[in-house]
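The values are calculated or read from the model by the stated rules, or taken from the named source; none is laboratory data. Since we're looking at a predicted model, the values are computed, not measured. Backbone-built Cβ (ideal geometry, glycine too); neighbour counts: all protein chains shown.
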Amino acid sequence: MVTDVLPHQENHACQHSSPCPPPTAPDRDAAHVLVSHPEQGWSLLCNGVVLFEDTGELLPDGQSIAARRADLLGAAAHRKSN
């Protein structure tokens, strides 16, 4: 089970100076990457969040967060094709 190997749990603080944001914070995807699998399209962050390449997220409590790629591209007008 994934939770057996996650470094971030309620009783375990992040060991980075400037601690990583917790999985409940709005900026949770700014945490350090512990394991990266770009060939599979996901990374495990220090706070226990699994971040997918489409910006979808799986939180340590099992909650899923929908991808925000369209929102992010919409905010960057220079990335839109004409």
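Residues that are modelled with pLDDT of 95 or more, of a type outside the set (D, E, K, R) and at positive phi: does the stretch 33-40 have at least one?
no
For the stretch 51-67, give me each residue that is more than 14 Å from residue 31 (Cα to Cα) and assigned to a loop (DSSP other than H, G, I, E, B).
53, 54, 56, 61, 62, 63, 66, 67
Looking at residue 2, is it modelled with pLDDT of 95 or more and either more than 12 Å from the chain's Cα centre (by Cα) or aliphatic (A, V, I, L, M) (or both)? Before the answer, list the steps.
Working: modelled with pLDDT of 95 or more: no; either more than 12 Å from the chain's Cα centre (by Cα) or aliphatic (A, V, I, L, M) (or both): yes.
No; evaluated as a whole, the condition is false for this residue.
Considering only the stretch 23-40, how many residues are part of a loop (DSSP other than H, G, I, E, B), within 19 Å of residue 68 (Cβ to Cβ) and within 12 Å of the chain's Cα centre (by Cα)? So that I can check it myself, show each step before the final result.
If we filter the stretch 23-40 for residues that are part of a loop (DSSP other than H, G, I, E, B), which is where we start, we get 23-27, 31-32, 38-40.
This time we only want the ones that are within 19 Å of residue 68 (Cβ to Cβ), so: 23-27, 31, 38.
Narrowing the set further to residues that are within 12 Å of the chain's Cα centre (by Cα) leaves 23-27, 31.
Final tally of qualifying residues: 6.
Are there any pairs, at least 6 apart or on different chains, whose C-beta atoms fall under 6 Å, with the first in the stretch 20-45 and under 14 Å from residue 57 (Cβ atoms) and the second assigned to a helix (DSSP H, G or I), and if so, which?
Partner pairs satisfying both residue conditions: 21/28; 21/30.
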